[in-house]
Amino acid sequence: MINAAPRPMSTRDVEGQARGGGGRDLNRNQWADWSERRDQWERGPGAGAGAVKGWGKMEMKKRIKLELRNRNPGEVAELVIDNCRSNEGEIDGFDDGFKELEYLSMINVGLKSLAKLPNLHKLLKLELSDNSISGGLELLTEKCPNLVYLNLSSNKIKDYSTVEPLKNLTHLKSLDLYNCDISNPSDYRESIFKLLPHITYLDGFDRDDQEAPESDEEGEDDDDEAGAAEEYYDEELDDEEEEEEEDGEPPGEVGLSYLLKEEIQDDDDDDDYVHEGEEEEADEQEDAATQGQKRKREAEDEGEDDE
C-alpha cells in the first residue's frame with residue numbers, strides 16, 4: 001500500500017509563520033522545499049514531476065454547488081472554494097448571479113487566467129494566492145471595480161507592467177504579491193508604492209514597514225454584543241423603576257412624603273400593639289372578677305347548708 005504524501009500547509013499558513021519571524025527574509029530553500037511537497041501532494045502518490053496537478057481535488061463547478069448548500073447565488077456574501085480544481089486553468093461554475101458576493105477565496109485551485117471571472121461589483125476581498133496567474137489583471141478593474149483587498153501571493157507575476165492596471169482599482173488598499181518573482185528586486189516595495197500610490201499595505205506592511213492591523217470584524221461583533229447587552233440592561237432597569245413607581249416607592253432618593261408615610265405606618269403598628277396589650281389586660285381583669293364572684297357564691301351556699 002502506497003501512502004500519500006502528507007498534505008502541506010497553504011501559503012497563507014506559511015506566510016503567517018514566516019512573517020512572525022521576519023517573513024521577507026524567509027530562506028528560499030525553505031520555500032522551494034515547501035512548494036515541492038505541495039506539488040507532490042497534488043500530483044498524487046508515486047507520481048513523477050511530469051504528472052498533472054489536481055489529484056484528489058474536487059472540480060470547481062461541483063465545489064461551488066456544494067458550498068451553495070441549496071442557496072440562491074444571489075443570497076451568498078462569502079464563498080470559499082480553496083483547493084479545488086479549475087477547468088484547465090480557467091474559472092468554472094461561476095456566473096453573474098453572485099451579485100451580493102463580497103468575499104471570494106480561490107486559493108490553490110490551479111488558476112492561470114481570470115478571463116471567466118464573472119461581474120462581481122460588490123466584491124471587496126479576493127484571495128488568489130497559490131495559483132499560476134501571470135497576467136490579465138486589467139480584467140479585475142472591469143469585473144471587480146470595488147476591490148479593497150487583493151492577494152496574489154505565490155503566483156507567476158514577474159513585471160511591474162503586469163500590476164500597473166491595478167491603479168484603476170481606486171478603492172484598493174491592500175495588495176499582496178509575496179513570493180512572486182516581481183518581489184525579488186531590492187527596490188520592489190518602493191517601486192510598487194510609487195506605481196500604485198493609492199494602496200496602503202503591500203504584503204501586509206505599509207510604507208513605514210508597519211504591519212497591517214488584524215481584521216476589525218471581531219471587535220465589531222463584540223461591540224454589537226456589548227451594545228445589545230447594554231440595551232437589555234437599560235430595559236430591565238426601566239422595568240424595575242416602573243414597578244417601583246407602581247408600588248409607590250420612589251425610583252431615586254427617598255422623599256419627605258415617603259418618610260412621613262413610613263412614620264405613619266410605624267405609629268399605626270405601635271397603636272395596634274398597645275391596643276392588643278390593653279385588650280389582654282382587660283380580659284385578665286374580667287376573668288379575675290368572674291373567679292371572685294364564683295367564690296362568693298360558693299361561700300354563701302356553704303352558710304345556708306350550715307343553718
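Structure summary
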item	result
Cα-Cα over 28 Å, subset of Lys61/Lys173; Lys65/Lys167; Lys125/Lys156; Lys61/Lys167; Lys99/Lys194	Lys61/Lys173; Lys65/Lys167; Lys61/Lys167; Lys99/Lys194
Förster radius 35 Å - calculated FRET efficiency between Lys158 and Lys65 (Cβ-Cβ, nearest 0.05)	0.50
Peptide ranges 82-89, 70-77, 174-181 listed from the most packed, as the mean C-beta count within 10 angstrom indicates	174-181, 82-89, 70-77
Assigned charges on the beta-carbon of Lys, Arg, Asp, Glu; segment 56-202 dipole about Cα centre (debye)	240 debye
Charge dipole of segment 93-224 about the Cα centre (unit charges at C-beta), most positive-ward option of Ile192, Thr170, Tyr160	Tyr160
Where only alpha carbons of segment 56-202 are counted, the Rg and the Dmax (Å)	15.0, 49
Calculated FRET value between Asp187 and Glu90, using beta carbons and R₀ = 35 Å, to 0.05	0.55
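None of the figures in this text is laboratory data; all of them are computed from the coordinates on show. Predicted, not measured: the structure shown is a model, and the values here were computed from it. For neighbour counting, all protein chains shown are included, and Cβ atoms are generated from backbone atoms with ideal geometry for every residue, glycine included.
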